[in-house]
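A.B. asks: My questions will all concern the structure given below.
The values are calculated or read from the model by the stated rules, or taken from the named source; none is laboratory data. Since this is a predicted model, take the numbers as computed values, not measurements. No Cβ is skipped: glycine too gets one built from the backbone with ideal geometry, and neighbour counts run over all protein chains shown. Only protein heavy atoms, including side chains, enter the accessible area calculation; ligands, DNA and RNA are left aside. Shrake-Rupley method; radii C 1.70, N 1.55, O 1.52, S 1.80 Å.
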Amino acid sequence: QPFTLTSAATGQATMQWRKIVSGTTSNYGVLNDQDTTIASSTLVDSGLYFVQYTLGGTCGTAVSDTVKVTVVPAAFVSTDPANTTVCQGTTATLTATTQNASGFAWTKNGTTITAGGNITITNTGSTQSVLSISNATATDAGNYRLIAQNVGSCVADTSAIATLTINAKPAIASTTLP
């Protein structure tokens, strides 16, 4: 995700955004306007930034307060849940693995579902979410997805669709013989 650092100065000042690295400053781009944009931010872009204004002639320089930038890694689904077929009355399990996730949501046919009744959702840290449907019935069949998100991140990732099929139990018709 991109981010933009913005500043404004009065008079004929040139501005240079700087980043504090290990207690020292490093140039982070020389611009003659108020904005500098990091087009594709990564974790190394986290840190303290400030602007150094150089005033025309012999007027010297001025330095802004620092601004703290924290780049939060985006969550993503690394292994999609698989299509699953179970018999009616058994337990269906869908599992997805993720990276950098702090929150999970499962959907069925585009609608968010929650734990309760015959549905159990188990999340293991930031790496896995398991949806279990016990005593599955035909109404549990559908298209399921996992949405992984990270607090503070602007982006969520959605898994591919996993289709859950519930096969009916075989029925035996009995007849009465004369």
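A.B. asks: Tell me the carbon and sulfur percent of the accessible area for region 68-131, rounded to whole percent, probe radius 1.4 Å.
C.D. replies: 50
A.B. asks: Going 7 Å from the Cα of T14 in the Cα-to-Cβ direction, what parts of region 54-78 have a backbone nitrogen less than 15 Å from that spot?
C.D. replies: Residues 54-62 fall inside that zone.
A.B. asks: Once the convex hull of the alpha carbons of region 50-178 is built, what does its volume come to per residue, in cubic angstrom?
C.D. replies: 124
A.B. asks: Now for a different question. Sequence gap at least 6, Cα distance under 8 Å: using those rules, report the relative contact order of region 24-170 to the nearest whole percent.
C.D. replies: It rounds to 25 percent for region 24-170.
A.B. asks: Please give the per residue accessible area of the chain, computed with a probe of 1.4 Å over protein heavy atoms only, in Å².
C.D. replies: 59
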